[in-house]
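*Asks:* Sharing a structure with you now.
The values are calculated or read from the model by the stated rules, or taken from the named source; none is laboratory data. What you see is a predicted model, and the numbers here were worked out from it, not measured in a lab. Heads up, the Cβs are rebuilt from the backbone with ideal geometry, glycines too, and the neighbour counts pull from every protein chain shown. For the accessible areas, the whole protein counts, side chains as well, though only heavy atoms, and no ligand, DNA or RNA atoms are used. Shrake-Rupley method; radii C 1.70, N 1.55, O 1.52, S 1.80 Å.
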Amino acid sequence: QVQLVESGGGLVQAGGSLRLSCRATGRTLRFYKMGWFRQAPGKEREFVGCAWDTGTTVYADSVEGRFTISRHDTNMTVYLHLNGLKPEDTAVYYCASGLISTVSVRTARAYQYWGQGTQVTVSS
């Protein structure tokens, strides 16, 4: 079992930055992929990015070049660095983990473990 707890959300002006944290407990993150998703009101949960334990990362086109995932398995924490924020980035952000295939990293239902989410609000 893996437990995930996100933190770091808040209110920020457009163009600003935030750093979200996802602290994992319960077992090693070795071999687990760590993903970030977001869900805006009235919309489906959407993929933001994913980090392999090898250091490989992949991002959604909508955040490529603005968001970065950094993963620190020694302290069981994954960060999502949000830069150049836009009002359309407003959502609840979730971290997730799982032993999943590369082809499934963009699929929310492929992940076994989820955090409770943290709200990010970007004002215009």
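*Asks:* On full extension of the chain, what length is gained from ASN83 through SER62, given 0.36 nm per residue of separation minus the C-alpha to C-alpha distance? Display every interim value, and only then the final one.
*Replies:* Values: separation 21, 0.36 × 21 = 7.56 nm, distance 1.24 nm.
Full extension of this stretch gives 6.3 nm more.
*Asks:* Could you tell me the calculated FRET efficiency between LYS43 and HIS72, based on Cβ-Cβ distance and R0 = 35 angstrom, to the nearest 0.05? Show your work: numbers first, answer last.
*Replies:* Values: r = 30 Å, r/R0 = 0.86.
Given R0 = 35 Å and the Cβ-Cβ separation, E is 0.70.
*Asks:* What full-extension length gain, to one decimal in nm, is calculated for ARG19 and GLN3 as 0.36 nm per residue of separation minus the Cα-Cα distance? Mind showing how you got there, number by number?
*Replies:* Values: separation 16, 0.36 × 16 = 5.76 nm, distance 1.98 nm.
Extra length from ARG19 to GLN3 when fully extended: 3.8 nm.
*Asks:* If you don't mind, another one. Got a sec? Charge dipole of the chain, +1 on Cβ for Lys and Arg, -1 for Asp and Glu; which of THR54, GLN116, GLN1 is way out at the positive end?
*Replies:* So the residue furthest toward the plus end is GLN1.
*Asks:* What Cys residues in the chain are without a partner cysteine, judged by a Cβ distance under 4.7 Å?
*Replies:* Cysteines of the chain left without a disulfide-compatible partner: CYS50.
*Asks:* Return a whole-number percent for the relative contact order of the chain, with Cα pairs under 8 Å and 6 or more residues apart as the contact set. Intermediate results must be reported in sequence, preceding the final value.
*Replies:* Numbers: 305 pairs, mean separation 43.7, N = 124.
Computed value for the chain: 35 percent relative contact order.
*Asks:* Here's a follow-up. Sorted from largest to smallest, which semi-axis lengths in Å does the alpha carbon gyration tensor of the chain give for its equivalent ellipsoid, taking the root of 5 times each eigenvalue? The partial results should precede the final answer.
*Replies:* Numbers: eigenvalues 101, 41, 36 Å².
Its equivalent ellipsoid spans semi-axes of 22, 14, 13 Å.
*Asks:* Here's a follow-up. State which stretch of the chain is the longest one without any exposed GluC sites (Glu not before Pro), exposure meaning a DSSP loop state and at most 13 other Cβ atoms within 10 Å.
*Replies:* Values: sites that count: GLU44, GLU64.
No qualifying site falls inside 65-124, the longest such stretch.
*Asks:* Keeping every protein chain present and rolling a 1.4 Å probe, give me the accessible area per residue for the chain in Å².
*Replies:* On the way: 6280 Å² over 124 residues.
Heavy-atom accessible area per residue stands at 51 Å².
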